[in-house]
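Peer 1: Dumping the structure here so I can ask a few things about it.
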Amino acid sequence: MLQLQDYLRFTVTLVAVLDPFLAIPIFLSVAASREPGARRRLVYAVTVTVFAVLAGAAIFGEALLTLIGASLPAFRVGGGLVLLLMALAMLNAKVGEMRQSPAEAEELEAGEVSGVVPLAVPLLAGPGAISTTIIAAQSGGIVHVLGLIVCIAILCAGLWWLLRVAHVVGRHMSTTALNVATRLLGLILAAIAIETMADGLKELFPGLLG
């Protein structure tokens, strides 16, 4: 039951971090001038890229932490801070510079970059999603990592479907409705971010929180 709760928490956190509702308007602007076949290929490329990045983070995250000499508690605090900054931007219904800087937004509007960048990375599979996956992968062995990859695959399947019908969603959901969904996910993400930071601080300073 505890393990199922861990997977559920990871899934909910990743949904909030990815925030596909925030990506829909950007995807529509990128895909507006493309033929239907090109839009389908873009959806496929974005989804596969997101899966590859997050699955790679789950598999190689521990080796990365060891390589840079960072402890898991310290990474929890840092990752929680990243999630909190993203949550604050989401509560204001903004993309936030953690996902996309003004310069990157200008490149996208000018058509100087492909849809995969910045849609897949860093808008969807950005620092928040990667740190969330690395933190979750540290609490178990290979079976646990495979379970996380299954969760990632399910989420990516949902992302693929949502982007495929993005034009329908965009037509039937106003900007206000999309912003409300983003703010709700931001509220969930803020709570998870604070809990992640608290867990890290508790491990770094055992006497800090009693």
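Peer 1: Can you list the equivalent-ellipsoid semi-axes of region 150-210, largest first and in whole Å, using the square root of 5 times each Cα gyration tensor eigenvalue?
Peer 2: Taking √(5λ) for each eigenvalue gives 36, 17, 5 Å, largest first.
Peer 1: In a shell of Cβ-Cβ distance under 15 Å around LEU162, excluding LEU162 itself, what net charge do Lys and Arg (+1) and Asp and Glu (-1) give?
Peer 2: Surrounding charge for LEU162 is +3.
Peer 1: Please arrange VAL50, VAL77 by counting, for each residue, the other beta carbons lying within 10 Å of its beta carbon, fewest first.
Peer 2: Going from sparsest to densest Cβ surroundings: VAL77, VAL50.
Peer 1: Using the Cα centre as the reference, give the magnitude of the dipole from point charges on the C-beta atoms of region 2-204 (Lys, Arg: +1; Asp, Glu: -1; all else neutral), rounded to the nearest 20 debye.
Peer 2: Taking the Cα centre of region 2-204 as origin, the dipole is about 560 debye.
Peer 1: Here's another thing I want to ask about it. Given the C-alpha centroids of region 17-60 and region 132-154, what is the distance between them in whole angstrom?
Peer 2: 21
Peer 1: Expressed as cubic angstrom per residue, what is the convex hull volume of the alpha carbon set of the chain?
Peer 2: Enclosed volume per residue, from the Cα hull, is 129 Å³.
Peer 1: Let me ask something else. For region 140-151, take each phi angle, set θ = phi - 60°, evaluate the Karplus expression 6.51 cos²θ - 1.76 cosθ + 1.60, and give the result in whole Hz per residue in order, putting x for glycine and proline.
Peer 2: Ordered by residue, 3J(HN,Hα) equals x, x, 5, 5, 4, 4, 4, x, 5, 5, 4, 4 Hz.
Peer 1: If you plug each phi of region 194-201 into the Karplus form 6.51 cos²θ - 1.76 cosθ + 1.60 with θ = phi - 60°, what whole-Hz ³J(HN,Hα) values come out, in order, with x for Gly and Pro?
Peer 2: Result, ordered by residue: 5, 5, 5, 5, 5, 4, x, 5 Hz.
Peer 1: How tilted is helix 72-91 with respect to the longest principal axis of the chain? Cα atoms for both, answer in degrees (0 to 90, nearest 10).
Peer 2: Approximately 40 degrees, to the nearest ten.
Peer 1: Mind ordering 69-75, 34-40 by average Cβ neighbours within 10 Å, highest first?
Peer 2: 69-75, 34-40
Peer 1: Additional query: Among SER71, ALA136, ILE152, pick out the residue whose Cα is farthest towards the positive end of the charge dipole of the chain, where Lys and Arg carry +1 and Asp and Glu carry -1 on C-beta, about the Cα centre.
Peer 2: About the Cα centre, the residue reaching furthest to the positive side is ILE152.
No value in this document is a laboratory result; all are computed from the given coordinates. Note that the structure is a prediction, hence the values are computed from the model and not measured. Cβ sites come from the backbone with ideal geometry, for glycine too, and all protein chains shown count toward neighbours.
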